Amino acid sequence: MKKILLIMMSMLMLACGNSNDTVNGKKDSKDSENKQVYKIGITQFMEHPSLNLAKEGFKAAFKEAGINAEFDEKNANGEVTNANLIATNYKADKKDLVFGIATPSAQALVNNISDIPVLFSAVTDPASAKLLNSNVTGTSDKLENVAAQLDLLLKIKPGVKKIGVLYNPSEQNSVVQVQEIQKIAKQKNIEVVLQGINNFGELAQATKNLLGSTDALYLPTDNLVVSGMNLIASEAVNAKKPVVVSENSSVKEGALFTMGLDYYALGKRTGEMAIEILKGKPVSQIPFETSKQMKLYVNSKTAQALGLDVKNPAFNGAEFVGK
């Protein structure tokens, strides 16, 4: 009798244990989701703080959601050829989802992959970059902040009549921003002097040329230009000229100010969109988003070096940073 009871109890315990993994004979979907490891490709066009923040924010979304992912992270080192090679390798490896940070890397993914969900971030104009396919979505870093930035520049330096814009003409992301800067500056009777560069070796001389012929610099979120922000900021301080930028990591590197956005938050939102897709929501039902949140960042040491008062009412509400 005792043997029969022991057998019955063992069978009951086994049945209860199985019930934790199954519902009506099917494996619990939540448990399955937690155990699945997704293969995610992350391609970044080059190394610089804003793009790094977007990547970290993207990965943080997975961690906070408890989604297991294997991240295959690659950097194109500023070369379109490398970006395309990375994209073709991701396609061959049959990733569950791929993420392109900055316009050239996103374009490489879109041009090479049509059967895998593609997400992007740190892209100013997805439409003009021809990214908006049925398997593509993400977040744009385009901000309608040029007018506000120029107004602030004129408040702290009323004598500004001419601004220099340094950019890489081969970056579609930058061309779009430059056109906007030109349009808004004209409305405010500010002359714009353009200086294009094609490689890092041209940066130092181009910076000196612009600083010598303008009252201030206004820099777009150009990958090549931002990678040399230390050099630009140093030359500008020596010339006693302010540098206005389009993202906060450049302010930390020595630019005077930006009314910019948080790239970590931008990347995190992209990660949240990726999770929705992995859980089954069609990409076509998740339109790309543009951040509307702006915050004023000011480098206090740069301001002091330029003879500006950080207590100026124009800087009210700013987050002060400084190396």
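The values are calculated or read from the model by the stated rules, or taken from the named source; none is laboratory data. Small disclaimer: the values here were computed from a predicted structure and weren't measured. Positions of Cβ are backbone-derived with ideal geometry, glycine not excepted, and every protein chain shown enters the neighbour counts.
Could you list, in sequence order, the residues of the stretch 41-51 that are of a type outside the set (Gly, Ala, Ser), crowded, with 17+ Cβ neighbours inside 10 Å and closer than 27 Å to residue 92 by Cβ? Listed by number, the residues that qualify are 42, 43, 44, 45, 46, 51.
Listed here are the residues, each with its yes/no results for (1) among the hydrophobic types (A, V, I, L, M, F, W, C); (2) modelled with pLDDT under 95; (3) farther than 23 Å from residue 140 by Cα.
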residue	(1), (2), (3)
233	yes, no, yes
250	no, yes, no
271	no, no, no
276	no, no, no
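Screening the stretch 64-155 for strands (runs of 3 or more DSSP E) wholly inside it with 2 or more residues that are surrounded by 22 or more Cβ atoms within 10 Å (Cβ to Cβ) returns the ranges 97-101, 118-123, 136-140. What tally of residues in the stretch 156-169 results from selecting those that are loosely packed, with under 14 Cβ neighbours inside 10 Å and β-branched (Val, Ile, Thr)? Here the count works out to 0.
Restricting 291, 300 to those that are under 23 Å from residue 167 (Cβ atoms) and of a type in the set (Gly, Ala, Ser) reduces the list to 291. For the stretch 127-175, filtering for residues that are in contact with a helix residue (DSSP H, G or I) (Cβ under 8 Å, 6 or more places away or on another chain) and of a type outside the set (Lys, Arg) leaves 28.
Considering 280, 271, the condition of being in the same structural domain as residue 131 (by TED's automatic domain parsing) and under 16 Å from residue 102 (Cα atoms) is satisfied by 271 alone. Just wondering, is there one or more residues in the stretch 173-192 that are outside any helix (DSSP H, G or I), without any contact (Cβ under 8 Å) to a residue 60 or more places away in the chain and within 24 Å of residue 123 (Cβ to Cβ)? So far as the stretch 173-192 goes, yes, one or more of its residues are outside any helix (DSSP H, G or I), without any contact (Cβ under 8 Å) to a residue 60 or more places away in the chain and within 24 Å of residue 123 (Cβ to Cβ). Across the stretch 184-202, not a single residue is classified as in contact with a strand residue (DSSP E or B) (Cβ under 9 Å, 6 or more places away or on another chain) and crowded, with 22+ Cβ neighbours inside 10 Å.
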